[in-house]
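Asker: Dropping the structure in here first, questions after.
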Amino acid sequence: TFSFTSSLSDAVFSSAAGVVLMSPSSNVTAINTLTIAEQDALRAFVDRGGFAVLLTDNNTLDALASANRSFLSPFGLNTAGTYQQSTLSVINPTGNPISNGPFGTVTSLAGIAQGGLTGLPDAFKPLAQFSGGQIAAGYFASNDLKVGSGAVLVVADANVFHNTWATAENYDLLSNFVSFAAVPEPGTISLLLLGSGAAGAMAWRKRRRRR
């Protein structure tokens with residue numbers, strides 16, 4: 001099930017297993033930058049075992065750059081901010097449970113515009129890269145951030161889960177991640193959605209039910 005929120009807090013997280021955050025609210029605008037209190041609540045939620053899907057976007061817009069940083073800084077990450085159109089190649093398609101999971105093996109993702117992820121901590125596992133070699137997606141597995149912490153998927157190009165550009169493989173990757181990250185059966189988990197992340201995640205929910 002899905003619920004929607006315009007802000008993040010410990011109280012909002014109390015009934016959720018996972019959260020989907022997307023920084024753009026349109027092609028040229030961003031959601032509000034997370035406050036320090038919201039960033040702390042997000043990190044605390046993951047540290048308690050909740051999982052997160054963090055979708056950033058083209059950093060050349062100041063508002064997006066600020067929103068991106070507020071998503072990623074609690075986890076020691078940032079984005080490079082260059083603009084490009086590209087296919088995201090999965091680095092080792094059969095070698096991890098997200099690209100090779102119950103919804104199928106994912107070898108590439110359709111993307112459109114973003115720079116690579118930077119400042120990668122040792123525990124962060126690269127998952128996909130742009131044609132120029134920048135890391136375009138990756139994840140922390142459960143217990144990577146601390147004992148008992150949940151999994152975190154980070155994708156530098158939010159358009160990967162936008163209805164216009166997303167392919168079946170894109171949604172398979174998201175479904176594999178939720179299956180990998182969720183303790184309950186994925187069909188019954190509760191997800192919070194902040195900003196326009198709703199569009200991509202709702203598409204995932206509908207596809208999951210059909211399958």
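Asker: What part of the accessible area of segment 1-154, given as a whole %, is carbon or sulfur when the probe is 1.4 angstrom?
Answerer: The computed percentage sits at 51.
Asker: In Å², and per residue, what accessible area does segment 1-105 have when probed at 1.4 Å with the other protein chains present?
Answerer: Numbers: 4530 Å² over 105 residues.
Accessible surface, normalised per residue, equals 43 Å².
Asker: Something else now. Is segment 4-157 rounded, prolate or oblate when judged by the Cα gyration tensor, a ≥ b ≥ c being the square roots of its eigenvalues, rounded requiring a/c under 1.5 and prolate requiring a/b larger than b/c?
Answerer: Note, shape of segment 4-157 comes out oblate.
Asker: Continuing with the same structure: Under the 0.36 nm per residue contour assumption, what length would be gained going from the current alpha-carbon distance of Ser9 and Lys146 to full extension?
Answerer: Value of the extension gain: 47.3 nm.
Asker: Quick one: ranking Glu169, Glu38 by accessible area, 1.4 Å probe, largest first, what do you get? The partial results should precede the final answer.
Answerer: Working: Glu169 50, Glu38 25 Å².
Listed by decreasing accessible area, they come as Glu169, Glu38.
Asker: Using a 7 Å offset from the Cα along the Cα-to-Cβ direction at both Asn163 and Thr118, what is the distance between the two label points in nm, to one decimal?
Answerer: For Asn163 paired with Thr118, the spin-label model returns 3.5 nm.
Asker: Using a 1.4 Å probe, how large is the accessible area of Phe4, given in Å² and rounded to the nearest 10?
Answerer: For Phe4, the solvent-accessible surface is approximately 130 Å².
Asker: Next up: Under 8 Å for C-alpha pairs, at least 6 residues apart: give me the relative contact order for segment 85-140, rounded to a whole percent.
Answerer: Normalised by residue count, the contact order of segment 85-140 is 37 percent.
The values are calculated or read from the model by the stated rules, or taken from the named source; none is laboratory data. Since this is a predicted model, take the numbers as computed values, not measurements. Positions of Cβ are generated from backbone atoms using ideal geometry, with glycine treated the same way; all protein chains shown enter the neighbour counts. The accessibility values were calculated without ligands, DNA or RNA, using every heavy atom of the protein model including side chains. Shrake-Rupley method; radii C 1.70, N 1.55, O 1.52, S 1.80 Å.
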